[in-house]
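What follows is one structure encoded as structure tokens, with my remarks underneath.
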Amino acid sequence: MLERRYRLLGHNSPLFYQKPLHLVRGEGVWLWDADGNRYLDAYNNVPCVGHCHPHVVEAMHRQAATLNVHTRYLHENILRYVERLTAKFAPPLAMAMLACSGSEANEIALRMARQQTGAQGILVTDLAYHGNTEAVAETGIAFMPEAKTTRRVRAFASPDAYRGPEGLSGEALTAHYLESVRAAIEDFQSQGIGVAGILICPAFANEGLLEAPPGFVEKAVAMVRAAGGLYIADEVQGGFGRTGAYWWSHEAYGITPDIVTLGKPMGNGFPISGVIASSAMIESFGSWGMYFNTFAGTPVACAVANAVLDVLENERLPESAVSTGAYLAAGLRSLQERHSLIGDVRDKGLFMAVELVSDRASRAPASAESGRLINLMRERGVLISRLGRFDNVLKLRPPLPFRPEHADILLATLDECLAAL
Ligand code: PMP
């Protein structure tokens, strides 16, 4: 299969693990490979209500067998869905535009911010990933090394309370990181580009689930708004009850974004994404340039998305994410006491980052060890991954039906693998 894959998809189509997995079935938090081995999924957030949830599968099947057309006809599913979805946002976020991927949602958000402000400049973190369209890829500075930065995008230093400059903490650390935001804004202004907005994942997920120093996000957004720009919250990873006692990761800071983008878990694997903004902004954007997306918001897509909301609500998954997340985080912190390799544990709801270091005092990243560890975990039946500036941060982000008994398996396996390194 690997040979065929290389021949058909090339050698640069990313694969997980030294020994890639050939998965054939999923159910809840479990996955099975072609040899019948079972794996605990502690990585995938897209199947947020669990792999192949029967209620979602049934809704998709029933609607696909009835009608599937684009959105230029009236249909109840899209209205019901957008009604339910927008009710979960603070005013004035009251209207939606639907799309099929997180990249598309961010593409719309960038166009909207530029159209609304008449400016071009977008600020992002220097470790951001927001998607793969031409305009959105400009925001992934770390992923396009030849470009580094473009005329319309400036990166500021990813705010990191664990890896900040030696001796700085609290307000001083906040001021240090804000300086980088200020410089980017000034650069845009001096070049006549202007500030259209700041695009951030409020959980700083791709950056390594960073903990920003106190007040950083609030102050950075205030600086951008003062310069005429908008606050775009990318909830593609952090949304739908993943990151804490709320539905959206931006709620952690108590400021309402101007534009929110959604994706990944929205359809539990079915491609559906969206942009939420005020009615005024969406009406203005729509009258400026028509937006239509053939596969977005179809009766099937919205049947699936409605079913995902049903399960999240009926099974109270955002609430259980908080309690299981706290349980798992406590377990990871007790592993930290016994394994010096664990330098930092960060948790936001049912999303954990475990930063591995070869020396706690210097915080030297244990990048090679983290690579060995995720492969060892895979050999022992638990799926996780890693990320971060130095690829030394374990990323634990299971489907939300993950319970304490699953956390126990993850913790015991991690304990064994850390000892076996
Ligand atoms: N935003 C964030 C924060 C993401 O993590 C990703 C995907 N990793 C995207 C946007 C892009 O989403 P998609 O792959 O659906 O285009």
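The values are calculated or read from the model by the stated rules, or taken from the named source; none is laboratory data. Computed from a predicted structure; not experimentally measured. All Cβ positions, glycine included, derive from the backbone under ideal geometry; neighbour counts span all protein chains shown. When the accessible area is computed, the model is the full protein with side chains, heavy atoms only, and any ligands, DNA or RNA have been set aside. Shrake-Rupley method; radii C 1.70, N 1.55, O 1.52, S 1.80 Å.
Annotations
- Residue under evaluation Glu207, criteria (1) more than 16 Å from the ligand (Cβ to nearest atom); (2) of a type in the set (D, E, K, R); (3) surrounded by 23 or more Cβ atoms within 10 Å (Cβ to Cβ), criterion not met: (1)
- Checking segment 299-316 against the condition returns a match, with at least one residue being on the phi > 0 side of the Ramachandran plot and either in contact with a strand residue (DSSP E or B) (Cβ under 6 Å, 6 or more places away or on another chain) or away from the ligand (no atom under 16 Å from the Cβ) (or both).
- Tally, over segment 22-46, of residues that are part of a loop (DSSP other than H, G, I, E, B) and over 23 Å from the mean Cα position of the chain (by Cα): 5
- Checked against the criterion of being open to solvent by less than 30 Å² (accessible area, probe 1.4 Å), in the same structural domain as Met266 (by TED's automatic domain parsing) and assigned to a loop (DSSP other than H, G, I, E, B), the candidates Ile193, Ile198, Ile185, Ile232 yield just one match: Ile193.
- Just one of the listed residues (Asn77, Asn37) is modelled with pLDDT of 95 or more, away from the ligand (no atom under 16 Å from the Cβ) and open to solvent by less than 40 Å² (accessible area, probe 1.4 Å), namely Asn77.
- Residue in segment 126-144 that is in the same structural domain as Val82 (by TED's automatic domain parsing), of a type in the set (Asp, Glu), at pLDDT below 95 and away from the ligand (no atom under 15 Å from the Cβ) present: no
- If you go through segment 2-21 and pick out every residue that is in contact with a helix residue (DSSP H, G or I) (Cβ under 6 Å, 6 or more places away or on another chain) and either assigned to a strand (DSSP E or B) or at negative phi (or both), you end up with 1.
- Here Ser158 meets the list (1) in contact (Cβ under 8 Å) with a residue 12 or more places away in the chain; (2) over 28 Å from Gln191 (Cβ atoms); (3) in a loop (DSSP other than H, G, I, E, B) almost entirely, failing just condition (2).
- Residue in segment 150-169 that is within 16 Å of the ligand (Cβ to nearest atom) and of a type in the set (Asp, Glu) present: no
- Enumeration of residues in segment 398-421 that are open to solvent by less than 10 Å² (accessible area, probe 1.4 Å) and under 25 Å from the mean Cα position of the chain (by Cα): Pro398, Pro399, Leu400, Phe402, Ala407, Leu410, Leu414
- Segment 119-148, subset in contact with a strand residue (DSSP E or B) (Cβ under 6 Å, 6 or more places away or on another chain) and without any contact (Cβ under 8 Å) to a residue 40 or more places away in the chain, residue surrounded by the most Cβ atoms within 10 Å (Cβ to Cβ): Ile141
- For segment 248-257, a residue qualifies if it is surrounded by 16 or more Cβ atoms within 10 Å (Cβ to Cβ) and away from the ligand (no atom under 16 Å from the Cβ), and the qualifying residues are Glu251, Tyr253, Ile255, Thr256.
- Residue that is least open to solvent (accessible area, probe 1.4 Å) [pool: residues in segment 93-118 that are away from the ligand (no atom under 15 Å from the Cβ) and farther than 18 Å from Trp288 by Cβ]: Leu93
- Some residue of segment 157-174 being farther than 23 Å from Gly215 by Cα and of a type outside the set (S, T, N, Q): no
- Qualifying residue in segment 365-376 (condition: touching a residue at least 40 places away in the same chain (Cβ under 8 Å), open to solvent by less than 10 Å² (accessible area, probe 1.4 Å), assigned to a strand (DSSP E or B) and under 21 Å from Ala419 (Cα atoms)): no
- Scanning segment 203-238 for residues that are within 18 Å of Gln115 (Cα to Cα) and of a type in the set (Phe, Trp, Tyr) yields a single hit, Tyr231.
- Enumerated helices (runs of 4 or more DSSP H) restricted to segment 66-145, each holding at least 3 residues that are under 14 Å from Leu262 (Cα atoms): 76-86, 102-117
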